[in-house]
Amino acid sequence: MADRIKLLVTPYKNPDLDGTACAFAYAEFFQKNDKAVVAAIFGTPHREAQFVLNKFNIPALADAEAVINEVDEIIIVDASDLRGLSDKIKPEKVIEIIDHRKINEAYTFPNAKAQIELVGSAATLIAEKFFNSKTAISQESAALLFSAIISNTINFQANVTTERDHKMADWLKTNFSVPPNYIHEMFLDKSQFKKSLKETFLDDFATFHFNNHNLGIAQLEIINVNKFIRKDLTEIKKILKELKKERSLDFIFLTVIDLEKAFNEIVVIDEKTQKLVEQALKIEFKDGVAKKNGIIMRKEIIPLIKDVLGVGKLF
């Protein structure tokens with residue numbers, strides 16, 4: 001009989017590149033320290049994560065559904081609350097949390113040691129574990145972690161970028177061969193939707209509950225944002241209306257980051273959400289669309305929204 005798997009490393013369901021990279025690499029870190037561990041995911045990886053796996057011929061991560069009943073302990077990476085996690089994960093089995101979000105609910109895992117640090121990418125925190133302990137890292141883990149740092153910091157253009165992200169990206173590049181024009185190729189692939197627009201929204205859709213209000217935010221990170229918004233605005237608004245009704249949301253909006261020109265365009269469908277976002281981000285809308293120069297990530301928007309809703313001046 002095969003040895004029982006003692007430890008599972010896993011991110012949110014249907015993980016993005018950061019979560020996928022962290023699970024793969026942190027499991028490797030434990031394996032190199034003689035621990036019985038597996039990296040596995042619930043659902044399917046985001047299209048950007050799949051691009052990187054394919055680019056470097058990295059095997060797909062294991063199916064967490066198939067192993068969850070065999071593990072004794074769980075580590076969650078690039079995640080720190082129950083929303084978005086599989087309901088198969090028992091909070092009391094979680095022994096460690098690694099994340100980089102200011103807004104988190106690490107306290108909901110009673111037995112977990114939490115490492116929550118405000119760097120641009122959770123991949124930076126995993127890379128540091130290899131770097132600081134002088135543990136050898138595989139080309140596959142290096143490629144995944146480097147790509148995740150580039151993605152999460154929008155190639156170091158995002159406000160969330162720290163010197164630690166730069167340092168780890170530079171180190172990771174010494175451990176694998178970066179293909180020519182790789183970053184543009186990764187961003188271009190991310191901009192080519194392989195599902196319906198609604199399914200694409202749902203791949204990176206997050207909900208929040210603040211001061212008795214339910215908020216939903218879809219985030220896209222693509223190139224040629226202006227062209228996308230002009231071409232698909234009617235469909236975008238239709239999808240937002242559907243999601244607002246289906247999920248019983250009080251507020252909903254889409255934020256789209258231009259990966260190469262460094263700005264956001266935000267789309268709303270109702271006056272209440274428009275007022276909320278205008279207050280939080282100090283922008284003005286025309287026909288439901290507003291532009292914000294510079295990049296602002298959803299993780300940065302959330303505390304600003306929470307502050308407005310918490311003050312109670314909106315209504």
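The values are calculated or read from the model by the stated rules, or taken from the named source; none is laboratory data. Bear in mind that the values here come from a model prediction, so they are computed numbers and not experimental data. Positions of Cβ are backbone-derived with ideal geometry, glycine not excepted, and every protein chain shown enters the neighbour counts.
Screening Phe42 on (1) touching a residue at least 60 places away in the same chain (Cβ under 8 Å); (2) touching an Asp or Glu at 6+ places or on another chain (Cβ under 7 Å) shows it passes everything except condition (1). Take the residues of the range 200-243 that are at pLDDT 95 or above and in contact with a Gly (Cβ under 7 Å, 6 or more places away or on another chain): which is farthest from Ile269 (Cα to Cα)? Selected residue: Leu243. Evaluate the range 168-181: report whether one residue or more is exposed (fewer than 15 other Cβ atoms within 10 Å of the Cβ) and at positive phi. Yes, the range 168-181 contains a residue that is exposed (fewer than 15 other Cβ atoms within 10 Å of the Cβ) and at positive phi.
So that you can scan it fast, the table gives a plain yes or no per residue for (1) touching a Phe, Trp or Tyr at 6+ places or on another chain (Cβ under 6 Å); (2) assigned to a loop (DSSP other than H, G, I, E, B); (3) closer than 24 Å to Ile154 by Cβ:
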{"residue": "Leu220", "(1), (2), (3)": "no, no, yes"}
{"residue": "Lys237", "(1), (2), (3)": "no, no, no"}
{"residue": "Lys244", "(1), (2), (3)": "no, no, no"}
{"residue": "Val256", "(1), (2), (3)": "no, no, yes"}
{"residue": "Leu276", "(1), (2), (3)": "yes, no, no"}
{"residue": "Lys292", "(1), (2), (3)": "no, no, yes"}
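In the list Phe42, Phe24, Phe29, which residue meets the criterion of being modelled with pLDDT of 95 or more and over 20 Å from Ala114 (Cα atoms)? So the residue among Phe42, Phe24, Phe29 that is modelled with pLDDT of 95 or more and over 20 Å from Ala114 (Cα atoms) is Phe42.
A quick yes/no check of all residues on (1) surrounded by fewer than 20 Cβ atoms within 10 Å (Cβ to Cβ); (2) assigned to a loop (DSSP other than H, G, I, E, B); (3) in the same structural domain as Lys306 (by TED's automatic domain parsing):
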position: Ile68; (1), (2), (3): yes, no, no
position: Ile74; (1), (2), (3): no, no, no
position: Asp81; (1), (2), (3): yes, yes, no
position: Ile103; (1), (2), (3): yes, yes, no
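A search for C-beta distances below 9 Å between a residue of the range 233-248 that is in the same structural domain as Asp204 (by TED's automatic domain parsing) and any residue that is of a type in the set (Asp, Glu) and surrounded by fewer than 14 Cβ atoms within 10 Å (Cβ to Cβ), counting only pairs 6+ apart in sequence or on different chains, returns Leu233/Asp287.
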